[in-house]
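Engineer: Got a structure for you, written out below as C-alpha cells; questions coming shortly.
The values are calculated or read from the model by the stated rules, or taken from the named source; none is laboratory data. Small disclaimer: the values here were computed from a predicted structure and weren't measured. Here the Cβ positions follow ideal geometry from the backbone for every residue, glycine too, while neighbour counts run over all protein chains shown.
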C-alpha cells in the first residue's frame, strides 16, 4: 500500500439515491474498479469489507466500499420490505460513479443482503443495456433464512449471466455448501464456489476475529474467475 493508504470519503450527491462511502486508491493501478457493500445488519465499516478493500487496492483495484441507501437513511436496523429496489438503484449509481474514475472493468460485490441485491441488479440487466459489472463477488450469499431451507432466494438465478464467485462458510446457517452447490446449477452464467472451512456467516470476521487466509483466497480466486 502507498504511504498514504487511508481511504478517502467519497460522496456523489448528484445521484438519486446518493452514493456514500470510502474510496481506496491503489499505489499501482491496474485500471479496474470494485464496488463493495455490506449486509442487512452492518455498514461499509464492516471489518470484512475493510480487509477486502485493502487487499484489492494493494492488488491494483480502485475500491469503493459504500453504504446502501437504507443504511444512509438510518444508522441501525435491517432494511425494510420496500428498500430493496432503491438499494439496487444505489448500487447502480455507485458503479456509475466508479466508472468515471477508471478506464478498465468494474466489478461489484457485497456481503449477504448486499451481495444478493448486487446479483439481482445484474440479473435484471436487459440484453442491450450497458454492462453493469464484469463479475460479481458474493460473500455469504443468504440462500435462505436460517432454519427455513424451503424459502430459497434463487428466483433471479435463472437469468444471472454475470460471472460470479460465491464465498460461503461451511457453517453458514443461511446456506450449507451442499445447498449452494445445488443452487448454483440454476445459474446460466459462469460461477465458482469458494468454501471457507469452519467459518459462519461472518466468514471469520466476527468481533475482533480476522482470518487473513480468507482474504488471500478470495482475491486469488476472484482474479482466476475473470
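Engineer: Would you mention how many residues in region 103-114 are under 17 Å from the mean Cα position of the chain (by Cα) and part of a loop (DSSP other than H, G, I, E, B)?
Structural biologist: Taking region 103-114 first, the residues under 17 Å from the mean Cα position of the chain (by Cα) are 105-114.
After this cut, where a residue has to be part of a loop (DSSP other than H, G, I, E, B) as well, the list is 105, 112.
The qualifying residues number 2.
Engineer: Name the residues in region 155-175 that are touching a residue at least 12 places away in the same chain (Cβ under 8 Å), in a loop (DSSP other than H, G, I, E, B) and farther than 26 Å from residue 205 by Cα, would you? Spell out how you get there, then give the answer.
Structural biologist: So the first thing to find is which residues in region 155-175 are touching a residue at least 12 places away in the same chain (Cβ under 8 Å), and the list is 156-175.
Still in the list and also in a loop (DSSP other than H, G, I, E, B): 156, 160-163, 170-175.
The answer is 156, 160, 161, 162.
Engineer: Scan region 200-215 residue by residue and report those that are modelled with pLDDT of 95 or more and more than 16 Å from the chain's Cα centre (by Cα).
Structural biologist: Passing the criteria: only 200.
Engineer: Could you say which residue among 165, 184, 160 is buried (at least 16 other Cβ atoms within 10 Å of the Cβ) and closer than 21 Å to residue 46 by Cα?
Structural biologist: Numbers: 184 fails: closer than 21 Å to residue 46 by Cα; 160 fails: closer than 21 Å to residue 46 by Cα.
Exactly one residue qualifies, and that residue is 165.
Engineer: Tell me, yes or no, whether region 90-107 has at least one residue that is touching a strand residue (DSSP E or B) at 6+ places or on another chain (Cβ under 9 Å), at pLDDT 95 or above and within 21 Å of residue 143 (Cα to Cα).
Structural biologist: Yes, region 90-107 has at least one match.
Engineer: Is it fair to say residue 220 is surrounded by 17 or more Cβ atoms within 10 Å (Cβ to Cβ), over 23 Å from residue 87 (Cβ atoms), modelled with pLDDT of 95 or more and out of contact with any strand residue (DSSP E or B) (no Cβ under 8 Å at 6 or more places or on another chain)? Don't jump to the end; show me each part of the working.
Structural biologist: Details: surrounded by 17 or more Cβ atoms within 10 Å (Cβ to Cβ): no; over 23 Å from residue 87 (Cβ atoms): yes; modelled with pLDDT of 95 or more: yes; out of contact with any strand residue (DSSP E or B) (no Cβ under 8 Å at 6 or more places or on another chain): yes.
In short, no.
Engineer: Please specify each residue of region 15-48 satisfying the condition of being in contact (Cβ under 8 Å) with a residue 60 or more places away in the chain, within 19 Å of residue 203 (Cβ to Cβ) and touching a helix residue (DSSP H, G or I) at 6+ places or on another chain (Cβ under 9 Å).
Structural biologist: Hits for region 15-48 are 34, 35, 36, 37, 38, 39, 40, 42, 48.
Engineer: Go through the residues of region 93-102 one by one and say whether even a single one is part of a loop (DSSP other than H, G, I, E, B) and closer than 28 Å to residue 169 by Cβ. Don't jump to the end; show me each part of the working.
Structural biologist: Going through region 93-102, the residues part of a loop (DSSP other than H, G, I, E, B) turn out to be 100-102.
Those still in the list that are closer than 28 Å to residue 169 by Cβ too: none.
No, region 93-102 has no match at all.
Engineer: In addition: Quick one: would you say residue 23 is touching a strand residue (DSSP E or B) at 6+ places or on another chain (Cβ under 8 Å), within 23 Å of residue 160 (Cα to Cα), modelled with pLDDT of 95 or more and not in a helix (DSSP H, G or I)?
Structural biologist: On the way: touching a strand residue (DSSP E or B) at 6+ places or on another chain (Cβ under 8 Å): yes; within 23 Å of residue 160 (Cα to Cα): no; modelled with pLDDT of 95 or more: yes; not in a helix (DSSP H, G or I): yes.
Judged against the criteria, residue 23 is not a match.
Engineer: Would you mind finding the one in 204, 189 that is closer than 21 Å to residue 42 by Cβ and surrounded by 14 or more Cβ atoms within 10 Å (Cβ to Cβ)?
Structural biologist: Numbers: 189 fails: closer than 21 Å to residue 42 by Cβ.
Criteria check complete, one pass: 204.
Engineer: Does residue 175 satisfy the condition of being on the phi > 0 side of the Ramachandran plot and either touching a strand residue (DSSP E or B) at 6+ places or on another chain (Cβ under 6 Å) or surrounded by 14 or more Cβ atoms within 10 Å (Cβ to Cβ) (or both)?
Structural biologist: Answer is yes for this residue.
Engineer: Quick check on region 190-203. Is at least one of its residues touching a strand residue (DSSP E or B) at 6+ places or on another chain (Cβ under 9 Å), within 30 Å of residue 126 (Cα to Cα) and in a helix (DSSP H, G or I)? Reasoning before the result, please.
Structural biologist: Taking region 190-203 as the starting set, the residues that turn out to be touching a strand residue (DSSP E or B) at 6+ places or on another chain (Cβ under 9 Å) are 190-203.
In the following step, the residues that additionally are within 30 Å of residue 126 (Cα to Cα) were identified as 190-194.
Subsequent filtering for residues that are in a helix (DSSP H, G or I) retains none.
There is no residue in region 190-203 that is touching a strand residue (DSSP E or B) at 6+ places or on another chain (Cβ under 9 Å), within 30 Å of residue 126 (Cα to Cα) and in a helix (DSSP H, G or I).
Engineer: Only one residue in 145, 149 is farther than 24 Å from residue 216 by Cα, modelled with pLDDT of 95 or more, out of contact with any helix residue (DSSP H, G or I) (no Cβ under 9 Å at 6 or more places or on another chain) and assigned to a loop (DSSP other than H, G, I, E, B), so which one is that?
Structural biologist: Details: 149 fails: out of contact with any helix residue (DSSP H, G or I) (no Cβ under 9 Å at 6 or more places or on another chain).
Among 145, 149, only 145 is farther than 24 Å from residue 216 by Cα, modelled with pLDDT of 95 or more, out of contact with any helix residue (DSSP H, G or I) (no Cβ under 9 Å at 6 or more places or on another chain) and assigned to a loop (DSSP other than H, G, I, E, B).
Engineer: For region 114-141, which residues satisfy the criterion of being over 14 Å from residue 167 (Cβ atoms) and touching a helix residue (DSSP H, G or I) at 6+ places or on another chain (Cβ under 8 Å)?
Structural biologist: So the first thing to find is which residues in region 114-141 are over 14 Å from residue 167 (Cβ atoms), and the list is 117, 120-134.
Within region 114-141, 117, 120, 121, 123, 124, 132, 133 meet the criteria.
Engineer: Mind checking whether some residue in region 68-86 is touching a helix residue (DSSP H, G or I) at 6+ places or on another chain (Cβ under 7 Å) and touching a residue at least 60 places away in the same chain (Cβ under 8 Å)?
Structural biologist: So far as region 68-86 goes, yes, one or more of its residues are touching a helix residue (DSSP H, G or I) at 6+ places or on another chain (Cβ under 7 Å) and touching a residue at least 60 places away in the same chain (Cβ under 8 Å).
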